[in-house]
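Any read-out appearing in this document is the output of simple, stated calculations on the displayed coordinates, not a laboratory observation. A quick note: this is a predicted structure, and the numbers were derived from the prediction, not measured. Cβ placement follows ideal geometry from the backbone for every residue including glycine, while neighbour counts extend to all protein chains displayed.
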Amino acid sequence: MAEQSIGSTRTFVLAKGFTQVRSHAALIGEDDTYRLFAEVYADPDRPEARPREAYQAILSSMQPGWSLRLLQLFWPDPEPRLEFQKQAQSWKKPGADGLDILHQGLLLTVQGYPLPFVRRTIFEFVLPGDEGIAWWDGLGGLCAGFGLRVHCLDQAAIEGLTRWVLDPNLEYNHHQK
């Protein structure tokens, strides 16, 4: 029995650029396939999210020979820290020197502390043609019934994703392009 490759990071990052497929940004793979990307996350308004059932429904709705890769990534999330930092900077200046030293120490600690990470679930879909784009466009509706939302990634988000896969350093650089 011949071994079949399921997917690899090499084919993900060795791309030939981008193209537009209807309203979606598509990464052109080294094999000239068009690859669409979307992030899947729990709907905050639906606490009863059922991702396992959603994944079963997604897989059973696919045609034989189609390729869908699920990526689970741990991504730096600066927002909670930045929000706390903004709030702490807006606090009234302490009247006592000791409290002011503690406040300044807190701000320095918050700035220097490593970022928290969030788990992100990304779908990579190798577009098989027109029937594939119709399926991709209906993915959001399919997942909504299970309490999940689907957000298709634009070119900038896909580029950020490839940088993260290539160089998942632990430092977040807000100005990295």
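Show me, for the range 138-152, the HN-Hα J-couplings you get by feeding each phi into the Karplus relation (A = 6.51, B = -1.76, C = 1.60, θ = phi - 60°), rounded to Hz, glycine and proline as x.
The phi angles translate into x, 4, x, x, 4, 6, 4, x, 10, x, 10, 10, 10, 10, 5 Hz.
So how do Thr109, Thr19 line up by other beta-carbon neighbours within 10 Å, fewest first? Working shown, then result.
Values: Thr109 9, Thr19 12.
Ascending number of Cβ neighbours within 10 Å: Thr109, Thr19.
Where does the chain land at 222 nm, in deg cm²/dmol rounded to the nearest 500, when only DSSP H runs of n ≥ 4 count, each adding -39500 (n - 2.57), divided by all residues?
That calculation yields -11500 deg cm²/dmol at 222 nm.
Where the only charges are on Cβ atoms (+1 Lys, Arg; -1 Asp, Glu), what is the dipole of the chain about its Cα centre, to the nearest 20 debye? Could you put the intermediate results ahead of the total?
Values: 17 positive and 22 negative charges, 70 e Å.
Charge dipole of the chain: 340 debye, to the nearest 20.
Could you line up Leu73, Leu139 from fewest to most neighbouring Cβ atoms inside 10 Å?
Final ranking by Cβ density, sparse to dense: Leu73, Leu139.
Rank the residues Lys92, Lys86, Lys16 as a footprinting-exposure proxy: fewest other Cβ atoms within 10 Å of their Cβ go first. Please list the in-between numbers first.
On the way: Lys92 6, Lys86 9, Lys16 12.
The most exposed by this proxy come first: Lys92, Lys86, Lys16.
For the chain, what is one quarter of the convex hull surface built on the Cα atoms, given in nm²?
14.1
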